[in-house]
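Read through the structure below, which is laid out as structure tokens, and then see the notes.
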Amino acid sequence: MSDSGRPAQQPSSPDASGAVDDGVHAVRVTSTTLASSTAARPRDAESSVVTHSVQAAASWAWRFLAIAAALAVVFSLVAYLKVVIIPVAVALLLTVLLQPVSSFLRRRARFSPALAAATSVILLVAGIVLLVVVAGRSIVSGISDLSDQAVQGFQKALTWLADGPLHIDNEALNGYLDSGLAALEENSSALLSGALSVTTTVGQVLAGSVIALFCTLFFLMDGRRIWSWLVGLLPRSARERTHQAGRRGLVTLASYARTQILVAFIDSVGIGIGAAIIGVPLALPLGVLVFIGSFIPFVGAIVTGSMAVLVALVALGPWQALIMLGVVLLVQQIEGNVLQPWLMGHAVSLHPVAVLLVVTAGTLTAGIVGALFAVPVVAVLNTVFLYFHGHDKFPELGFDDHVDVRPAGRRAVMVMSAENMLAAGVPATTRTTTATETVTTTETTSGPASAPDLSKGDRDEH
């Protein structure tokens with residue numbers, strides 16, 4: 001017995017076959033097993049020529065090429081159908097933003113789903129029109145003063161070029177202007193084709209806006225039915241997991257959209273108030289422009305802020321432009337170091353470096369549209385992939401919400417027949433008798449040798 005009262009453990013001793021038993025783990029090591037584990041394995045014909053590392057690299061390489069080819073096909077289809085895909089993506093963003101409004105109208109005001117969806121879309125259009133009208137009035141009222149100040153600034157710049165350290169005389173400046181006018185005349189055809197392409201783009205934007213509003217209306221009204229139909233196209237074993245992953249992806253998309261609106265609003269208010277205090281003309285339109293540009297992370301706010309600095313330089317001078325630059329940099333630092341990590345970090349769970357790389361890749365791939373949709377697409381895919389791999393970012397959603405899909409096979413035919421009889425007003429007893437007789441007649445006619453083939457009717461019961 002040991003001091004603690006427990007029996008002392010006997011030291012392990014090898015048995016006749018060479019095994020050592022310590023009372024807890026038994027490991028049997030013999031000369032035969034040792035020789036078989038350390039003996040060199042013979043190589044086959046392929047491995048004798050190509051090493052295992054090269055084979056593994058080749059396997060990774062052709063799989064990578066196959067994935068790259070599939071992605072290239074997908075991107076080509078998206079580029080070809082961009083007139084349809086981009087409005088649908090915009091409609092999804094608008095839907096997640098208007099969903100709380102539609103739900104409030106259904107619960108509190110007792111609106112029907114169609115009326116609630118239509119009211120939400122009308123409120124959205126009214127807000128956009130009001131914003132454009134307010135900004136347009138400010139532009140119309142201040143554009144004449146800004147043009148006069150721009151002419152004065154241009155004359156000051158010419159005077160500085162002539163009297164400044166460069167000492168460019170008027171003859172040289174006139175020569176540069178004549179060269180510019182000649183270049184414009186030579187490239188008039190290219191400018192005309194560019195104007196025609198702009199007209200085509202404006203037409204596509206108008207058509208896309210109509211499609212986006214139309215899809216938003218029906219997403220708000222019948223979004224659940226549309227999603228159930230899409231999930232019902234999948235195999236039955238994958239429907240529930242796809243539904244739960246889609247719910248979490250939709251929450252991520254809504255969090256991103258609301259957070260981005262808040263960040264854009266703070267940027268526009270900060271830069272707009274700074275421009276108004278300094279006395280920069282068109283402060284309100286510049287604030288609206290910053291609000292729109294801030295939906296493109298990092299890039300949008302910088303470009304629109306530089307436009308505010310340029311307007312201050314033309315209208316007020318270099319010192320006011322430097323002050324405006326300081327205001328823009330201050331707002332950008334608050335956004336990048338406080339708002340983005342604090343608000344956007346929980347919304348999309350992406351590192352700022354990942355956000356920057358994603359925006360850059362989206363810009364190189366699809367321009368402004370790619371920069372606008374790169375972050376929400378990657379954020380939703382990140383949430384969905386993590387859920388499929390066992391990590392739930394939103395466990396508070398639970399699993400009580402299940403997708404409603406129609407049954408398949410012979411059962412689906414019977415359910416649809418019952419629904420059609422119900423719609424036709426057939427009494428309940430007649431419906432029951434008819435359905436029973438139909439099934440019985442089918443089985444009797446076919447006989448035991450030709451029983452119903454359930455594998456065909458319920459093929460996706462797996």
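State whether one or more residues within the stretch 200-211 are touching a residue at least 24 places away in the same chain (Cβ under 8 Å) and either at positive phi or surrounded by 16 or more Cβ atoms within 10 Å (Cβ to Cβ) (or both).
So far as the stretch 200-211 goes, yes, one or more of its residues are touching a residue at least 24 places away in the same chain (Cβ under 8 Å) and either at positive phi or surrounded by 16 or more Cβ atoms within 10 Å (Cβ to Cβ) (or both).
Out of Ala109, Ala135, Ala118, which single residue is closer than 30 Å to Leu217 by Cα and modelled with pLDDT of 90 or more?
Exactly one residue qualifies, and that residue is Ala118.
Gly300: modelled with pLDDT of 80 or more and either part of a helix (DSSP H, G or I) or surrounded by fewer than 17 Cβ atoms within 10 Å (Cβ to Cβ) (or both), yes or no?
For Gly300, the condition - modelled with pLDDT of 80 or more and either part of a helix (DSSP H, G or I) or surrounded by fewer than 17 Cβ atoms within 10 Å (Cβ to Cβ) (or both) - is not met.
Can you tell which of Val251, Val263 is in contact with a Phe, Trp or Tyr (Cβ under 7 Å, 6 or more places away or on another chain) and of a type in the set (A, V, I, L, M)?
Exactly one of Val251, Val263 is in contact with a Phe, Trp or Tyr (Cβ under 7 Å, 6 or more places away or on another chain) and of a type in the set (A, V, I, L, M), namely Val251.
Kindly indicate the residue of the stretch 389-403 that is assigned to a loop (DSSP other than H, G, I, E, B) and free of Cβ contacts under 8 Å to residues at least 60 places away in the same chain and also least open to solvent (accessible area, probe 1.4 Å) among those meeting that condition.
If we take residues in the stretch 389-403 being assigned to a loop (DSSP other than H, G, I, E, B) and free of Cβ contacts under 8 Å to residues at least 60 places away in the same chain, then Gly398 is least open to solvent (accessible area, probe 1.4 Å).
Take the conditions farther than 30 Å from His402 by Cα, open to solvent by less than 70 Å² (accessible area, probe 1.4 Å), out of contact with any Cys (no Cβ under 7 Å at 6 or more places or on another chain) and touching a residue at least 24 places away in the same chain (Cβ under 8 Å) and apply them to Val263. Does it pass?
Criteria met by Val263.
Pick from Ala308, Ala408: which is over 28 Å from Tyr256 (Cα atoms), at pLDDT below 85, open to solvent by less than 80 Å² (accessible area, probe 1.4 Å) and over 28 Å from the mean Cα position of the chain (by Cα)?
Just a single option satisfies the conditions, and that option is Ala408.
Considering only the stretch 225-255, state which residues are surrounded by 15 or more Cβ atoms within 10 Å (Cβ to Cβ) and of a type in the set (Phe, Trp, Tyr).
The one that is surrounded by 15 or more Cβ atoms within 10 Å (Cβ to Cβ) and of a type in the set (Phe, Trp, Tyr): Trp227.
Can you find a residue that is among the basic types (Lys, Arg) and touching a residue at least 60 places away in the same chain (Cβ under 8 Å) anywhere in the stretch 75-86?
Among the residues of the stretch 75-86, at least one is among the basic types (Lys, Arg) and touching a residue at least 60 places away in the same chain (Cβ under 8 Å), which makes the answer yes.
Would you tally the residues in the stretch 357-395 being at pLDDT 85 or above and of a type in the set (S, T, N, Q)?
Qualifying residue count for the region: 2.
The values are calculated or read from the model by the stated rules, or taken from the named source; none is laboratory data. Here the structure is a predicted model, which means the values were calculated and not measured. Backbone-built Cβ (ideal geometry, glycine too); neighbour counts: all protein chains shown. Heads up: the accessible areas ignore ligands, DNA and RNA and are worked out on the full protein's heavy atoms, side chains in. Shrake-Rupley method; radii C 1.70, N 1.55, O 1.52, S 1.80 Å.
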